[in-house]
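What follows is a short report on a single structure.
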Amino acid sequence: VEVDLGKDYLLSKTELVCHLDRAYQFKVEVKTDGDTTYTQVVDRLNNTQPGTATNPIADTFSEPGRYVRLTVTGAAVYTGTWVSLHEFRVFGTASVDSVVTSLSPEATIIQGSFYTGNHPNPFNASTNIRFVLPEEGNVAVKIYNIRGEAIKEVTKATYSAGPHTIVWNACDGYGNKVPSGIYFYRIVYNNQVKTNKMILMKRL
């Protein structure tokens, strides 16, 4: 199932009601109007909870998006070949500026300011650093190690209002892969600064 919401929203929650209260296993992905690939925001691939009308399968997150894709991969008990969903609900906010709330240590919204977050976190090979601007402005993004040393400037450019995504591939400014550990990305937008933590966990 793929849903077009018509424009970008700051998405915050999904709810799923299943036929006969089945415990479907699924994932939910979103992408903005400017994205070319989807970002997974819900992982229920091992779900065992039935999705009922009074207690739907609910997941919270924070990610900008216009397109929402639901992919059902199986069910905890049901073994039939068809899928029947009663309701798939998507919740969000139309305007970033209208929200005043703390989402997590890695993502914050401030009224009249800008939203930022990265996904996945923790990550292995790369992570998407996302930010939503209330208006056009200059943006600089730098990566720092746990000692506070700047290891790479990911971008320094003028961005239009709306959502944007940049990718950090876990390399320093010389193209060398950095070791597993805690890193920080610092976003400077006009006169505002946000610093968020991310964790690089390489597979052995």
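FYI, it's all coordinate maths here, none of it is from the lab. All values derive from a computational prediction rather than experimental measurement. Here the Cβ is made from the backbone with ideal geometry for all residues, glycine too, and neighbour counts use every protein chain on show.
Observations
- Applying the criteria of a DSSP loop state and at most 11 other Cβ atoms within 10 Å to the trypsin sites (Lys or Arg not before Pro) of segment 1-103 yields no site.
- Packing-based exposure ordering (other Cβ within 10 Å, fewest first) of Val68, Val17, Val167, Val3: Val167, Val3, Val17, Val68
- Kirkwood-type radius of segment 2-94, with distances r between different C-alpha atoms, in Å: 13.4 Å
- Debye equation applied to the C-alpha atoms of the chain, log10 I(q)/I(0) at 0.09, 0.13 Å⁻¹: -0.40, -0.77
- Taken one residue at a time, the phi angles of segment 40-45 give Karplus couplings (6.51, -1.76, 1.60, θ = phi - 60°) of 6, 10, 10, 10, 10, 5 Hz. Gly and Pro are set to x.
- In units of the compact-protein estimate 2.2 N^0.38 Å, segment 115-200 shows a Cα radius of gyration of 1.03.
- Alpha-carbon centroids, segment 114-145 and segment 20-57: separation in whole Å: 24 Å
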